[in-house]
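The values are calculated or read from the model by the stated rules, or taken from the named source; none is laboratory data. The shown structure was predicted, so the numbers you read here are calculated from the model rather than taken from an experiment. Note that each Cβ is placed from the backbone with ideal geometry, even for glycine, and that neighbours are counted across all protein chains shown. We work out accessible area using only protein heavy atoms, side chains counted, and drop any ligands, DNA or RNA first. Shrake-Rupley method; radii C 1.70, N 1.55, O 1.52, S 1.80 Å.
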Amino acid sequence: MAGPPMGLGVLVSVDIKEDRIEDFLKAMRVDALGSRDKSLDPGCLRFDVLRSREVPNRFFFYEAYTGADTHAQHRETAHFKVWGDFKATGAVEKQEVVKLDTASIPGGWAFQADSAPTSRARSAVFVTVDIKADRIDDFLKVMEVDVTKSRDKALDPGCLRFDLLRYQEQPNRFMFYEAYLDDDAAAQHKTTDHYKAWADFKASGGVESQTVLKAEAASIPGGWGFQAAAAQVGSIEMPLLGFGTYKVGALPASASGATDAPPPPSGPEVCNQVIKDALQTGYRMFDCAQFYMNEAWVGDAWRAAGVPRESLFFTSKVWNDTIYKGPDAVKAQVDKALAELQCGYIDLMLVHWPVPGKHVAAYNALRECKAAGKVKEIGISNYTIEDYEELKAAGAFGNAGADRPTMNQIEVNPLLFRKKTIGFFKQEGVHVQSYRGLMNGPKAWEHPAVKEVSTETGRTPSQVLGRFLVQQGISHVPKASTASRMAQNAEVFGFELSAAQMEKLSGLTTPEALENFKALYAKCIWRDTPQEGDPLLGERTLAEPAVNLHSQRPLLALAALLVFRKQWHDCLWVRQEILVHK
């Protein structure tokens, strides 16, 4: 995908005194993460920190800005000052700076706008070439093919980054910045047809000189050196992969699936270890909620781990009992979440369920919290199309849609894949995030289709399920109790599912699954409120995978509803959602 032309890029090479490398990495983590925060450094398009594979104390910063003015603004930030103060201590033995741009390369294809899909770039190269002056046009034609096709995951799945840049002071000198999952992916790139176009150009004598610098980001602890994939959520970016905290150290009494069986290990120590392991694995987005009863423990855990707040993304959700009590209770819960998570601000705050007659007022209360700076963005969870339309009709989106929900967190996986709902929210510009993306764990992974795709790709079922989501731009928040499983769940960016595999997985939803979903929805919109079990009246569209009852005679639709009512005797009426599955 073409992006905005880079008005100014810099490649900074520094040699660090060996006994100061740890101090250097601490300083650069602050600078890199601050640079990527759009609220702190809006003109920064890219900030990667890489390490030389040939000189261990040599590091590279690859920075890209919209122009010289935003680069100058970067140098005035608090996070840049951390780097400036480190330099002043005398720890830098040598520094070289090269200024580059893509604005002078016609067509807008040279710079990739979207973030790379993983922080584990084990192989990167900076290739500098001097092109004969009369061959520059030919060179650019060839490189447009190589650059754009290298970014095509179907053609080059292991390529994480491929930018072409031009030296500002030497117009015939260009640099390719390439990053790959590993050396195997880099070698695979050299077997592609698009690489051959570059090799043929070189063989024609169009290149006067070439130098190669080899680098990587994998040896930089914490996964912050290389910018990871993100979804745009309103005005901010959110990692596509996060970590779920539901049932981590605590089990809510009304949780789905709660039984009289002995509970799993719980308490603050359990939560602390899980969050610590997740951070060390590289997770930076955490899905939290009032209902999960563990936000204070999560707050203690991330603070104890010493990870900078600016590198983290926190989502929280207001629970039904609070929503039912009214706007003042909602605003009080936001304050409580801020105090317990100890995070200064909440990146994204959601209405957990659309409690009938109450959720609009709750959402408006979140709008006030956003205006007060307590939360950066607001959204919804478990909303049907009709619930969303109710918000819109009530004027809750604000002027020109400024307060439109930025995200809807719903259950999405191959066994509950509601195409029409997902498509609707995407069309509305509302990001879709999945919970229960791994279905119900190992037992569900035995589904023949999941096992088949797992065998075909050589990936675990959890990786296949995660890839199924992120490949569609749906963010994914798996949870696990062990570091090994956390790492396994995170490996969803280094491969691609074929169109046939995606189609196979998206066609597994059964009528029974939809019936179960509707029953859970009808139960949960009232859960933990004084009206738990009350009927919900109102017209809703009902459409099953095999038979679209909405298009049948009213008598047939009524009969179907009565059957469903009998099956779920605790619900007098069921709110219907658009469930078209075709």
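General observations
- Filter pass, A103 being modelled with pLDDT under 90 and over 26 Å from the mean Cα position of the chain (by Cα): yes
- Residue tally, condition within 22 Å of the chain's Cα centre (by Cα) and open to solvent by less than 10 Å² (accessible area, probe 1.4 Å), over segment 288-301: 6
- A single entry from D163, D182 fulfils the requirement of being under 13 Å from D146 (Cβ atoms) and either open to solvent by less than 70 Å² (accessible area, probe 1.4 Å) or among the hydrophobic types (A, V, I, L, M, F, W, C) (or both): D163.
- Residue match in segment 308-316 (condition: touching a strand residue (DSSP E or B) at 6+ places or on another chain (Cβ under 9 Å) and touching a residue at least 60 places away in the same chain (Cβ under 8 Å)): yes
- Qualifying positions in segment 32-46 - open to solvent by less than 10 Å² (accessible area, probe 1.4 Å) and within 19 Å of M285 (Cα to Cα): A32, G34, S35
- Unique residue being among the small types (G, A, S), part of a loop (DSSP other than H, G, I, E, B) and open to solvent by 10 Å² or more (accessible area, probe 1.4 Å) when the list is A400, A480: A480
- Selected residue (criterion: modelled with the highest pLDDT) from residues of segment 174-230 that are among the acidic types (D, E) and either out of contact with any Lys or Arg (no Cβ under 8 Å at 6 or more places or on another chain) or assigned to a loop (DSSP other than H, G, I, E, B) (or both): D200
- Some residue of segment 204-219 being open to solvent by less than 70 Å² (accessible area, probe 1.4 Å), closer than 30 Å to G34 by Cβ and touching a Pro at 6+ places or on another chain (Cβ under 8 Å): no
- Within segment 303-336, the set of residues being within 19 Å of N272 (Cβ to Cβ), among the hydrophobic types (A, V, I, L, M, F, W, C) and surrounded by 24 or more Cβ atoms within 10 Å (Cβ to Cβ) comprises just one member, F314.
- Yes/no for V82 being in contact with a strand residue (DSSP E or B) (Cβ under 7 Å, 6 or more places away or on another chain) and either surrounded by 15 or more Cβ atoms within 10 Å (Cβ to Cβ) or modelled with pLDDT under 90 (or both): no
- Residue in segment 312-352 that is farthest from K523 (Cα to Cα), counting only those that are part of a strand (DSSP E or B) and among the hydrophobic types (A, V, I, L, M, F, W, C): F313
- Qualifying residue in segment 423-446 (condition: of a type outside the set (S, T, Y), open to solvent by 10 Å² or more (accessible area, probe 1.4 Å), in contact (Cβ under 8 Å) with a residue 60 or more places away in the chain and touching a Leu at 6+ places or on another chain (Cβ under 7 Å)): no
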